[in-house]
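The values are calculated or read from the model by the stated rules, or taken from the named source; none is laboratory data. Treat the numbers as computed from the prediction; the structure is a model and nothing was measured. Cβ coordinates were reconstructed from backbone atoms using ideal geometry, including for glycine residues, and neighbour counts include every protein chain displayed. These area figures cover heavy atoms from the full protein model, side chains too; ligands, DNA and RNA do not enter into them. Shrake-Rupley method; radii C 1.70, N 1.55, O 1.52, S 1.80 Å.
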Amino acid sequence: MVIFLQICRNYCKLIKNNVPKMKYLNVAEKNDAAKTISGFLSRGSSRRRDGLSVYNKIYEFNAAVNGRDVQMVMTSVSGHLLNYEFSGAYRNWRSCNPVQLFDATVMKCCPEDSVKIRKTLEREIRGCSALIIWTDCDREGENIGIEIIDVCRNVKNNLTVYRAKFSEITAASVRRALDNLVQPDQRQSQAVDVRSELDLRIGAAFTRFQTLRLQSVFPTIIDSLVSYGSCQIPTLGFVVQRYKEAENFVPQKFWKLKLTHTVGDLTVEFTWARNRLFDKKCCEVFFMLVKQSPPLLATVMSVTQKPKSKWRPQPMDTIELEKLGSRKLKISAKQTMTIAEKLYQQGFISYPRTETNMFSKEINLRGLVEKQAEHPVWGNFAQRVLEWGPNPRNGKKSDQAHPPIHPTKFTTSLSGNEQKVYELIVRHFLACVSRDALGSETLVSVEIGGEEFNASGLLILERNYLDVYIYDRWSAKEIHEYERGTSFYPSTIDMPEGSTTAPQMLTEADLIALMEKHSIGTDATHAEHINTVKERGYIGEVENGYLVPGTLGMGLVEGYDAMSLTLAQPQLRAGLEADLKAICDGTKNPDVVLKDQIEKYREVYKIITERAQILDEKVGFRFNSTPQQNPQAVESHMMEEVFRCPRCGTNKMVLKRKSTNNGVYISCTDYPRCKSVFWLDDVIKDAKVSGQNCQRCGGETKKITMTFKQRDTWMFLNSDTPEYTSCLLCDSALKSLLDIDIEALRRQGGESSNSQGSSSVRNVPSSGYNSATNPSTSSSRNTRPGSDPSRGYDSQRRGGTSSASSASTTSPTCPKCSQQLKKLTVKKAGGNQGREFYVCPTPENPCRTFIWADEMPAPANPPPRSRATNGRGGSDDGTENPTRPRAKRKCAICRREGHTRTNCPQNINPRTKRQKQEET
């Protein structure tokens, strides 16, 4: 029995050792975060190797996930991996009317600087069975996580995905996140997608219009970009509004009464209960009542003593950090947040983008305070907090995702602005968990001549949090000891004159407070918006940190206001922010929100184009320049969309004219990614998109009105006039005449036939991801089944090659990763020298695919295309196909058949005559 049990144990151990270990890919938002997280999870034993991007390393280690020992691969991205952009034709400022950008096709593509990061993810995920997202736990982080998922599932569709939720990069936090993996939050990602797409459409449309317009009207003054952003312009509006309030301010004189009482070296000043009067004569009457000869006695009416407290600060959220950085440290909000992000990635502080200003009971505040007890500057105060017991003065805001900003690790190695920001966060944290400053306030009220005057004094009893929070001031104020009913002679009674002062210009901290109040942007984007309007030159910063509008900024806002538009007001953007929050809460549909917001801004765009002259006048007034009366046209022609591209299935085909204006063609708007094109300049004189929709194809498919050059062409189509209107997708006679094969393009693009004609305002691929390395870039001419696109237009017009030869020249695909195999030749001397073979083109050939070229199975030939020889007009629904009338080739000189112009008897070229004589 003992032997049997031993055999069973050995067998189980053998099975356990032979079971392949699970492998998970982990992706963080930045390389520093990936390095720190992998260090915590591996307890410092992770192995580093290079990725395809030199800035994003790969760390390997083992960790327990859901009770199983897993081989972990940790890498990172660098922020957003995919960005929204317009399809090719809409990127050119002059290619379309800006109003078309509200409906133009947009897609998520990988920018050039992120291609290597994307390739690293695609390579690493092939060997992994699951993906864990470690991006920041906010809206942007959730959206970046979804982008990573899209890229990885583009390679491995059945991938298991997990989301790690954490609010600080500490050992305890990341291990807790790994033990409590959840699913990604699609709603937050959808909210970011809506905002990103809307910002792209609105910004591009308004920026193109006002840039081209103002550069045309003021060619010698404005030569730079005049951008518009739905958050930037309201931010500019706040600065302009305060500047105009100060500019238009008219000071008013006022008068008041002041009474002083001096005993020894101490002078107490009493203020008038009426404060001030703007009528001098009226004030003089009161002055005569209280200042008489002989002088009157001032009688003490009341003496009140009460405790006074100066409250310690509430826990720090993002907005408070930005404001304190600007006011106390004199560091811009953007720079403050950049430093805070770096401190967070190094594990010194918690996540710096949070709306929470209250600590939950689950947070171990004592442990956080103990970490600061050894500091040489504030260590003693931390010890006092431990003696009192940490007691935060909590606020009322919580985003249910992150705690307030607080230090997570003790350090004395920082310097420069990093040290200043870290010190601010530590001192603020210690202050908020300590005690309020305590004092005693004395209020004295006296009466003289029937008028009341008041004075106050302050005695500080306990400084408490003020000992560590050097950014607050609370000064004591001495006062004489007064008793109720006693009297004294005032030392002086005066009637000083003053005047009202204009409101101060906004500081960066004031501007952030206004943006928060009116819901312009989020706590994570305030600093970015302010920095953008500074870079555009719309606002500038003068001494003492005050913000003033630039000349162009003033002109834009005044122009919008004169047109009765709310572009520079916060209402439009605040409405969008409320809708985005509703998307995150699940109470609004993202597609509905996007459509509604686009319509709102479309109406505004219509008004601004109709009243553009008002904008010219306001900008000209600020530049002291007269606008040109007849500016050149700034609105390009409307791009004429015909139908959805049958090849890529996403973008639209549009009718275009050659630059020489002697021909037309139809091409995909996503050129050069998709090179689908139909050349119409062979038999067509002119063409335009009609206003008729094709009832058979449905959707947004438009009919085309063509004017033909030759009579036999329009007679072939059973038309009585040179003009012929029809649908290029379903009119077989027209397709045959123009030598166009729609189905061939569909097969090349791998799209189903019903992809053509579908309509959607938000034309984005269902995966949300469009790989820039695998675009539809073959045929650039009208293509028949079996033709070779590489031979060009002329070869296809003569029939091209057979379908079998075309198939034989196409590289086969890898059976594991579906990429086209790479064809190589054996160069090494031996029996196989010169023999061709196929391998997988991915780096290091992880699929290990190897196939000899002469052992590849021959592809099956597609069925030949049948063409009817009778009937005209037909269609593709089973009826007969017409044939195109083709004439035999004729001589270009005598127009006879059987020879060409080279050997034509009528050719009088001397060179040709000499050739004929030599031949004879």
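Structural remarks
- Selection from the stretch 225-247 of residues that are more than 17 Å from A204 (Cβ to Cβ), open to solvent by 60 Å² or more (accessible area, probe 1.4 Å) and under 28 Å from the mean Cα position of the chain (by Cα): Q241
- Scanning the stretch 322-352 for residues that are open to solvent by less than 10 Å² (accessible area, probe 1.4 Å) and under 17 Å from G521 (Cα atoms) yields E322, A333, M337, P352.
- Selection from the stretch 701-733 of residues that are modelled with pLDDT under 80, within 23 Å of S667 (Cβ to Cβ) and not in a helix (DSSP H, G or I): K709
- The stretch 467-487 residues that are over 23 Å from F429 (Cα atoms) and open to solvent by 40 Å² or more (accessible area, probe 1.4 Å), paired with ones that are assigned to a loop (DSSP other than H, G, I, E, B) and modelled with pLDDT of 90 or more (beta carbon under 7 Å, 6 or more apart): S487/L297
- Hits in the stretch 687-700 (condition: open to solvent by less than 70 Å² (accessible area, probe 1.4 Å) and assigned to a strand (DSSP E or B)): A687, V689, S690, N693
- The set of residues from the stretch 496-555 being over 29 Å from M316 (Cα atoms) and of a type in the set (A, V, I, L, M, F, W, C) comprises A502, L552, M554.
- Top-ranked residue of the stretch 507-526 - restricted to ones that are surrounded by fewer than 24 Cβ atoms within 10 Å (Cβ to Cβ) and among the hydrophobic types (A, V, I, L, M, F, W, C), ranked as nearest to the chain's Cα centre (by Cα): A524
- Scanning the stretch 391-420 for residues that are surrounded by fewer than 18 Cβ atoms within 10 Å (Cβ to Cβ) and in contact with a Gly (Cβ under 7 Å, 6 or more places away or on another chain) yields a total of 1.
- Any hit, the stretch 627-639, residues being of a type outside the set (D, E), touching a residue at least 60 places away in the same chain (Cβ under 8 Å) and touching a strand residue (DSSP E or B) at 6+ places or on another chain (Cβ under 7 Å): yes
- Residue selected from the stretch 376-399 under the condition free of Cβ contacts under 8 Å to residues at least 40 places away in the same chain and not β-branched (V, I, T), by the criterion farthest from T356 (Cα to Cα): P376
- The stretch 345-388, subset in contact with a helix residue (DSSP H, G or I) (Cβ under 7 Å, 6 or more places away or on another chain) and β-branched (V, I, T), residue farthest from I425 (Cα to Cα): V385
- Within the stretch 554-592, the set of residues being surrounded by fewer than 21 Cβ atoms within 10 Å (Cβ to Cβ) and of a type in the set (V, I, T) comprises T566, T587, V592.
- In the stretch 458-554, counting only strands (runs of 3 or more DSSP E) that sit wholly within it, the ones holding 2 or more residues that are within 30 Å of V226 (Cβ to Cβ) span 539-541, 547-549.
- Within the stretch 216-247, being of a type in the set (S, T, Y) and either over 14 Å from H518 (Cβ atoms) or in a loop (DSSP other than H, G, I, E, B) (or both) holds for S216, T220, S224, S227, Y228, S230, Y243.
- Apart from one condition, N92 fits all of (1) at pLDDT 90 or above; (2) under 27 Å from the mean Cα position of the chain (by Cα); (3) exposed (fewer than 15 other Cβ atoms within 10 Å of the Cβ); the exception is (1).
- Apart from one condition, V2 fits all of (1) at pLDDT below 65; (2) closer than 22 Å to R68 by Cβ; the exception is (2).
- For the stretch 538-550, a residue qualifies if it is open to solvent by 30 Å² or more (accessible area, probe 1.4 Å) and without any contact (Cβ under 8 Å) to a residue 60 or more places away in the chain, and the qualifying residues are E541, V542, E543, N544, Y546.
- Every residue from the stretch 248-273 that is part of a loop (DSSP other than H, G, I, E, B) and surrounded by 14 or more Cβ atoms within 10 Å (Cβ to Cβ): K256, L257
- Identity of the residue in the stretch 490-506, in contact with an Asp or Glu (Cβ under 8 Å, 6 or more places away or on another chain) and of a type in the set (A, V, I, L, M), that ends up surrounded by the most Cβ atoms within 10 Å (Cβ to Cβ): M495
Residue-by-condition table, conditions (1) farther than 24 Å from V174 by Cα; (2) assigned to a helix (DSSP H, G or I); (3) open to solvent by less than 10 Å² (accessible area, probe 1.4 Å):
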site	(1), (2), (3)
I363	no, no, no
V369	no, yes, yes
Y422	no, yes, yes
F429	no, yes, yes
L438	yes, no, no
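- The residue that is least open to solvent (accessible area, probe 1.4 Å), among those in the stretch 449-466 that are in contact with a Lys or Arg (Cβ under 9 Å, 6 or more places away or on another chain), within 26 Å of Q292 (Cα to Cα) and not aromatic (F, W, Y), is E451.
- Residues located in the stretch 252-300, provided they are of a type in the set (G, A, S) and either closer than 12 Å to E451 by Cβ or at pLDDT 95 or above (or both): A273, A298
- Of all residues in the stretch 453-489, those satisfying the criterion of being more than 60 Å from the chain's Cα centre (by Cα) and of a type in the set (F, W, Y) are Y482, F488, Y489.
Residue by residue, here is whether (1) out of contact with any Pro (no Cβ under 8 Å at 6 or more places or on another chain); (2) open to solvent by less than 10 Å² (accessible area, probe 1.4 Å); (3) not acidic (D, E) holds:
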| position | (1), (2), (3) |
| --- | --- |
| K156 | yes, no, yes |
| A164 | yes, yes, yes |
| D185 | yes, no, no |
| Q188 | yes, no, yes |
| S196 | yes, no, yes |
| A205 | no, yes, yes |
| T211 | yes, yes, yes |
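- Residue ID - nearest to the chain's Cα centre (by Cα), chosen from residues in the stretch 603-621 that are of a type in the set (V, I, T) and open to solvent by 10 Å² or more (accessible area, probe 1.4 Å): V604
- Breaking point among (1) open to solvent by 30 Å² or more (accessible area, probe 1.4 Å); (2) touching a Gly at 6+ places or on another chain (Cβ under 6 Å); (3) part of a strand (DSSP E or B), for T442: (1)
- Test: residue in the stretch 372-383 that is under 21 Å from H402 (Cα atoms) and open to solvent by 10 Å² or more (accessible area, probe 1.4 Å): no
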